[in-house]
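Novice: Submitted below is the structure of interest, expressed as structure tokens.
Here, each number is a calculation from the coordinates, and none is a lab measurement. No experiment lies behind these values; they were computed from the predicted model shown. Every residue, glycine among them, receives a Cβ derived from its backbone with ideal geometry; neighbour counts consider all protein chains shown.
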Amino acid sequence: MPATPITDPLQRERDHLAASRAALRAMREDVESLDIRDVTGTWVTTLVLQNQIEARIAALADLSHTPLFFGRLDYLHAISEELSEGSGGESFYIGRRHVHDADGDPMVIDWRAPVSQPFYRASRTEPMDVERRRRFGYTGGELTAYEDEHLTDPAETEQTSALLAAEIEKPRVGPMRDIVATIQPEQDEIVRSDITGTICVQGAPGTGKTAVGLHRVAYLLYAHRERLARTGTLVIGPNNAFLSYIEQVLPALGELDVAQATVQQLVGHVEVRGEDTPEAARLKGDARMAEVLRRAVRSGISLPTEPCVVVRGSRRWRVPVYELVEIIEELKGREVRYGASRDALPQRIAHAVLLKMEQGGEAPDDRVQDAVARNSAVKAVVKECWPAVDPAKLVLRLLSEPEFLAECAEGVLTPEEQRAVLWPKPGRSVKTARWTAADAVLVDEATDLVQRTPSLGHVVLDEAQDLSPMQYRAVGRRCTTGSATVLGDLAQGTTPWATASWPEALRHLGKPEAHIEELTKGFRVPEEVIAYASRLLPAIAPGLAPASSVREAPGSLTIRPIADGDGTDGTEAVLAACREALEHEGSTGLIAADARIPRFAEALTAAGLPYLSPGTETSAEARLTLVPASLAKGLEYDYVVLDEPAAVIAGEPDERTGLRRLYVALTRAVSGLTVLHGEPLPEQLR
């Protein structure tokens, strides 16, 4: 008796999901069953193959909480080469990775493939040959709903996707999620930008700029895998808490080989144990310091006063002073790396000797030139005229000796600025000196002046608005031969040296030709919250247009004064607001000025409310995170309780930076924000 055909569309889709998961398991089992014991080659070959197999197995993991596919495209016409044009349309399931059956036919198409692009770009005005776009809804790992858009049906009116809205508003428990199911056309355009160009994304809070940058990495690894496998990729974030928060996005998309670091970790040549004054940090981060360091590195170069006499057997070969001067002056004028020029100098002197040997009737070869370059007389000239430079020792001297700094900074830094840059107490050695974060960047610049920093294929720089010009240079030399994705928001610049404009920042990065995109449509922060926070923009970033949100959530914003009679300094009111927020599903963040964090840590513990530190993954048992305002940037929570805005502002060195820090804190909420204050709010928010 033939089987009864399934007529329930939802059940058919569930069956396809089950079959796709089975196919993915089979793909993984095929890789796991590979036996390389009989593969001929060296132990190195075997190790490389084994690592590749293990990486492939990890990439084929079936994450139960992550939908294998989230959409389907029904094309009007066949697009596969093996199908004829008259055979009708084709359907493709769009997901996070490619899955095929035993015959090699696709069951799920990778979202990065060209055939998937219309899922994000197609519209009623430009359907891109798509008859129907279907979105799927999931609860846990189970497919529970679907929603269709008939893009070529004139009778169907355009409506906001309920499943899309539900996915965007889904409670945030755990690390940052990928946005692959909700990418919007303007975001997709950035994601699929060509690898040869650098793109800068100015994104208001909630516009998904960080997720867009991470998905761009995933797309580039898909489209240019071999190239980036050779050259490498790197994601740079503002702090370790932020990197912990985003670290699961790329693995969820099947990409495992992307390095992550903070700027401070990139320039870790010395141990940072000290702290600069704001003025000293600003000056050390100024681009003018690059010229001061260039002069310092080259300060030891001198011209010879004696000829170089090389003894070879019974003959003596003399390179006169004027020839040595010409060689050194020529190398100085080339402006190549100090170390490369130093390596070239003995070879240039040896070449001059070889010319004299040829004029004397000898026929020297390259081996003779190398031998001459190693001659003690040549080495003596190099040591005297082009001495070796230790970058850390050089910066130590520069920041410890007023006379040396004055010599290198003449006409670049004023005497007052030089005094601000100098260490209050000179350092005795590289190991014992109290290096600051800004000092470490100077050491990195000096290191690059001596020996070129290796370049990567692609670098993603997030929260870029907070970098100093010297930090931009440190990042830029890591992608001199590659491209970059720069992400940030000028309104969220919370360092005294925060960039004033993207063109200026990109110039310091070494990418002045970069294309700048602006994202102003928010998907994360409710309209009520973003509109309230945007009242600060005229004071903190006058040139930026206020962001809007596609989500309206009446009741999502609560401004709650704390009565003067509260003898607990507002702590009880804050605890009550946290309990209220935790009654809702999802994560809660308690954001407070850094100085007030110990108080709340003690109060939460006494009240029996478990809490996490920023960057720690939330769970069903622990959904509250205690967040210092200085670490809130880039993080998001379903509900945010913000304590005392005036204290957040007062915790910064100046009012503008304080208002920017407050803007960051106000825009971390996805579903609801409660602001508690005992002191008056800033006038912009009254």
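Novice: Taking 7 Å along the Cα-to-C-beta vector as the label spot, tell me the K521-K379 distance in nanometres, rounded to one decimal.
Specialist: 6.9 nm
Novice: If you take the beta carbon distance between I36 and E679 as r and set R0 to 56 Å, what does 1/(1 + (r/R0)^6) give as a FRET efficiency, to the nearest 0.05?
Specialist: 0.25
Novice: What's the extension gain from E29 to R535 if we count 0.36 nm per residue and subtract their Cα-Cα distance?
Specialist: That works out to 176.5 nm of additional length.
Novice: Still on this structure: Determine the gain in length on full extension of the stretch S501-E326; use 0.36 nm per residue of separation and subtract their C-alpha separation, reporting nm with one decimal.
Specialist: On the way: separation 175, 0.36 × 175 = 63.00 nm, distance 4.38 nm.
The S501-E326 span can extend by a further 58.6 nm.
Novice: Excluding E358 itself, what net charge comes from residues whose Cβ is under 14 Å from its Cβ, given Lys and Arg +1 and Asp and Glu -1?
Specialist: Numbers: positive: R312, R315, K356; negative: E362, D365, D366.
With Lys, Arg at +1 and Asp, Glu at -1, the net is 0.
Novice: Give, as ranges by residue number, the residues of the stretch 630-661 whose backbone N falls under 20 Å from the point 7 Å along Cα→Cβ of A620.
Specialist: 638-639
Novice: I've got another one for you. Note down the net charge around P307, summing +1 for each Lys or Arg and -1 for each Asp or Glu among other residues with Cβ under 14 Å from its Cβ. Don't jump to the answer; show the numbers that get you there.
Specialist: Working: positive: R316, R318, K356; negative: E306, E323, E326, E384.
In short, -1.
Novice: Which distance in nm do the two modelled labels at L47 and R599 give, with both placed 7 Å along the Cα-to-Cβ direction?
Specialist: According to this spin-label approximation, the distance is 5.6 nm.
Novice: Can you flag which of K332/K356; K379/K511; K284/K379; K209/K431; K356/K379; K284/K633 are past 29 Å Cα-Cα? Don't skip to the answer; put the middle values down first.
Specialist: Working: K332/K356 24 Å; K379/K511 39 Å; K284/K379 36 Å; K209/K431 40 Å; K356/K379 19 Å; K284/K633 24 Å.
Over 29 Å apart, Cα to Cα: K379/K511; K284/K379; K209/K431.
Novice: Let me ask something else. If you average the C-alpha positions of the stretch 581-604 and of the stretch 237-255 separately, how far apart do those two centres end up, in angstrom?
Specialist: Cα centroid to Cα centroid, the span is 23 Å.
Novice: Counting C-alpha atoms alone, how compact is the stretch 476-531: give Rg to one decimal and Dmax as a whole number, in angstrom.
Specialist: According to the Cα coordinates of the stretch 476-531, Rg and Dmax are 14.1, 44 Å.
Novice: Name the GluC sites (Glu not before Pro) in the stretch 473-571 that are in a loop by DSSP and that have at most 13 other C-beta atoms within 10 Å, would you?
Specialist: Sparse-neighbourhood loop GluC sites (Glu not before Pro): E513, E552.
Novice: Restricting the count to DSSP beta bridges whose residues both fall in the chain, what percent are antiparallel, rounded to a multiple of 5?
Specialist: Details: 25 of 72 bridges.
Roughly 35 percent of the DSSP beta bridges within the chain come out antiparallel.
Novice: Distance from the Cα centre of the stretch 365-428 to that of the stretch 525-565, in angstrom?
Specialist: 53 Å
Novice: Give the relative contact order (percent, whole number) for the chain; include only Cα pairs under 8 Å separated by 6+ residues. Write down the numbers at each step before the final one.
Specialist: Values: 1200 pairs, mean separation 93.2, N = 686.
About 14 percent, as a whole number.
Novice: For the stretch 320-334, in order, what is each residue's ³J(HN,Hα) by Karplus, 6.51 cos²θ - 1.76 cosθ + 1.60 with θ = phi - 60°, in whole Hz (x at glycine and Pro)?
Specialist: x, 4, 5, 5, 4, 4, 4, 5, 5, 5, 5, 5, 4, x, 6
Novice: Now, a different point. Tell me, what is the percent relative contact order of the stretch 89-161, built from C-alpha pairs under 8 Å that lie six or more residues apart?
Specialist: Relative contact order for the stretch 89-161 comes out at 19 percent.
Novice: Would you calculate a helix-derived [θ] at 222 nm for the chain, using -39,500 (n - 2.57) for each DSSP H run of n ≥ 4 and dividing by the full residue count, to the nearest 500?
Specialist: -11500 deg cm²/dmol
Novice: Compute the distance in nm between two label points, each set 7 Å from the Cα along the Cα-to-Cβ direction, one at R428 and one at L582.
Specialist: About 5.0 nm, to one decimal.
Novice: At a Förster distance of 25 Å, what's the computed FRET efficiency of R318 paired with R298, Cβ-Cβ distance as r, to 0.05?
Specialist: Approximately 0.35, to the nearest 0.05.
Novice: Around Y138, which amide H atoms from residues at least 5 apart in sequence, or from another chain, sit under 5 Å from its own amide H, with H modelled in the peptide plane?
Specialist: The answer is T144.
Novice: Please list, or write none, the aspartates and glutamates whose alpha carbon is within less than 12 Å of the alpha carbon of K383, excluding same-chain residues fewer than 8 places away.
Specialist: The reachable aspartates and glutamates, counting only those whose Cα sits under 12 Å from K383, are D343.
Novice: Something else now. So what is the relative contact order of the stretch 544-686, in percent, for Cα pairs below 8 Å that sit 6 or more residues apart?
Specialist: Details: 224 pairs, mean separation 43.9, N = 143.
Relative contact order comes out at 31 percent.
Novice: Could you work out how much longer the chain between A165 and R560 gets when fully extended? Use 0.36 nm per residue separation minus the Cα distance between them, nm to one decimal. Kindly include the intermediate steps, with their values, before the conclusion.
Specialist: Working: separation 395, 0.36 × 395 = 142.20 nm, distance 2.87 nm.
Working it through step by step, the gained length comes to 139.3 nm.
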